[in-house]
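Everything below concerns the one structure shown next.
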Amino acid sequence: MKVLVVGNGGREHALAWKLLQSDTVEKVFCTPGNGGTAVLNNCENVAIAVDDFESILKLIQENSIDLVVVGPELPLSLGITDYLQLYNVSVFGPNREGATIEASKSWAKDLMIEGGIPTAKSATFTDKEEAKNYIYQEGVPIVVKADGLAAGKGVVVAMSEHEALRAIDELFAQNFSKVVVEEFLTGQEVSVLALTDGITIRPLIPAQDHKQIGEGDTGANTGGMGVYAPTPIVNSILNDRITKEVLDPILKALQKRGIDYRGVLYAGLMITPEGIPKTLEFNCRFGDPETQAVLPMLKTSLADVLLACAQQKLSDLPPLEWHEGSAVCVVIAAGGYPGSYEKGKVITGILDAENQGATVFHAGTKLMQNEIITDGGRVLGVTCIAKDFQSAIADTYSAVEKISFEDMYYRRDIGHRIL
């Protein structure tokens, strides 16, 4: 089987890496890929933008590609699946209507309410002053969200009225036509990614991300600075509850609207101090960096599962199998991220980290004249698996210390909640 992975981040490197471990996969293409996928055996980068659907189709037809796996939310929200399905291409990734679950927070909220899914109280606004009046009325802390795609950075948890009002001003200034203002929930955030063919749904192991740039979960929100899986906060009883109260109902709600959803349903959950799962959001694709911790733990062939989802045959497969132990991924970023940062810094020590047992996933990198250089805000994700979290955390940081580039930054407290 030949597979195309659309995208160029750490998630896409992890997908390509895992797909190539499947006996059924002969070759993986990445559009456009990155420095990590450029040096993967049996993997080829092709310089095509994720929204250039015609060129992607041409590549698929010329190379007899059997399955397309779409990484980022942007091409999904633009309708890449709808376009390719017109030409009978098997795609893992929801159609445009399904991808609205991430592209519009207010649409997703309505769907959650229809499905009876536990979630935070919220209101949607197209008028700035009305949104501000709602904040005066509800008080703080409160959460302000951009209604559209914001690369994981469109959420402000406002602890003061000033911060909440500023978030409203900034989001409208960024030309978001709607904002969602939401009740502040306390507890621990958990990511549960589930695979579905539109009929059957199967959750992956739960993970916990570290969104803020600063240690102790402080500072600006990012796309994610590190993750571990499976999180011990979700035991088997809570896992069953999440499936019953969140995943099964959201699939039923999509079906009720006539949406044929084949891809990832990624539930961002808050586990309250009472142990109740409340849904913060849904995403329409694999999480980044969750994928870099979850997929290394998967024993089942990823290619077989994703193809079964695309062909609506997920119920034919046996239950997913997982390796024992714990996975930890630490993200190394460029200095200045999530604000402005420089590119083009030469990276050293990746092989040393890998020789120590780590898997290094490339996110913002480029291969140039046999050197790997920085090419984004989040540059690398370093993952280790060990028998327990303490060992996995220690091994990961030991590997991270082997890697170097000018002005690199990483959080030194990934996994602090379980330590």
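The values are calculated or read from the model by the stated rules, or taken from the named source; none is laboratory data. As the structure is a prediction and not an experimental result, all values here were calculated from the model. Reconstructed Cβ throughout: ideal geometry from the backbone, glycine too, with neighbour counts over all protein chains shown.
Just to be sure I understand, how many residues within the range 265-299 are part of a loop (DSSP other than H, G, I, E, B) and within 21 Å of G93 (Cβ to Cβ)?
Of the residues in that region, 6 qualify.
Of the residues A327, A303, A310, only one is surrounded by 19 or more Cβ atoms within 10 Å (Cβ to Cβ) and within 16 Å of A207 (Cβ to Cβ); which?
Details: A303 fails: within 16 Å of A207 (Cβ to Cβ); A310 fails: within 16 Å of A207 (Cβ to Cβ).
Selected residue: A327, the only one of A327, A303, A310 that is surrounded by 19 or more Cβ atoms within 10 Å (Cβ to Cβ) and within 16 Å of A207 (Cβ to Cβ).
Quick one: is V46 over 24 Å from H323 (Cβ atoms), among the hydrophobic types (A, V, I, L, M, F, W, C) and either crowded, with 24+ Cβ neighbours inside 10 Å or without any contact (Cβ under 8 Å) to a residue 12 or more places away in the chain (or both)?
Details: over 24 Å from H323 (Cβ atoms): yes; among the hydrophobic types (A, V, I, L, M, F, W, C): yes; either crowded, with 24+ Cβ neighbours inside 10 Å or without any contact (Cβ under 8 Å) to a residue 12 or more places away in the chain (or both): no.
It is false that V46 is over 24 Å from H323 (Cβ atoms), among the hydrophobic types (A, V, I, L, M, F, W, C) and either crowded, with 24+ Cβ neighbours inside 10 Å or without any contact (Cβ under 8 Å) to a residue 12 or more places away in the chain (or both).
Please go through the range 139-156 and pick out each residue that is over 17 Å from T124 (Cβ atoms) and modelled with pLDDT under 90.
Matches in the range 139-156: A151, G152, K153.
Can you tell me which residues in the range 211-246 are within 24 Å of T119 (Cβ to Cβ), crowded, with 21+ Cβ neighbours inside 10 Å and out of contact with any helix residue (DSSP H, G or I) (no Cβ under 8 Å at 6 or more places or on another chain)?
The answer is T222, G223, T231, I242, V246.
For the range 195-219, give me the residue count where each residue is outside any loop (DSSP other than H, G, I, E, B) and touching a Ser or Thr at 6+ places or on another chain (Cβ under 8 Å).
Counting residues in the range 195-219 that are outside any loop (DSSP other than H, G, I, E, B) and touching a Ser or Thr at 6+ places or on another chain (Cβ under 8 Å) gives 8.
Considering every residue within the range 379-401, establish whether at least one is crowded, with 17+ Cβ neighbours inside 10 Å and in a loop (DSSP other than H, G, I, E, B).
Among the residues of the range 379-401, not one is crowded, with 17+ Cβ neighbours inside 10 Å and in a loop (DSSP other than H, G, I, E, B), which makes the answer no.
Identify all residues within the range 247-262 that are over 22 Å from the mean Cα position of the chain (by Cα) and either more than 19 Å from P118 (Cβ to Cβ) or of a type in the set (S, T, N, Q) (or both); write none if there are none.
Answer for the range 247-262, where residues must be over 22 Å from the mean Cα position of the chain (by Cα) and either more than 19 Å from P118 (Cβ to Cβ) or of a type in the set (S, T, N, Q) (or both): Q255, R257, G258.
How many residues are among the aliphatic types (A, V, I, L, M), in a helix (DSSP H, G or I) and out of contact with any Cys (no Cβ under 6 Å at 6 or more places or on another chain) when one looks only at the range 32-89?
Final tally of qualifying residues: 9.
Is it the case that some residue within the range 190-200 is small (G, A, S), at pLDDT below 95 and in contact with a strand residue (DSSP E or B) (Cβ under 7 Å, 6 or more places away or on another chain)?
Taking every residue of the range 190-200 in turn, none turns out to be small (G, A, S), at pLDDT below 95 and in contact with a strand residue (DSSP E or B) (Cβ under 7 Å, 6 or more places away or on another chain).
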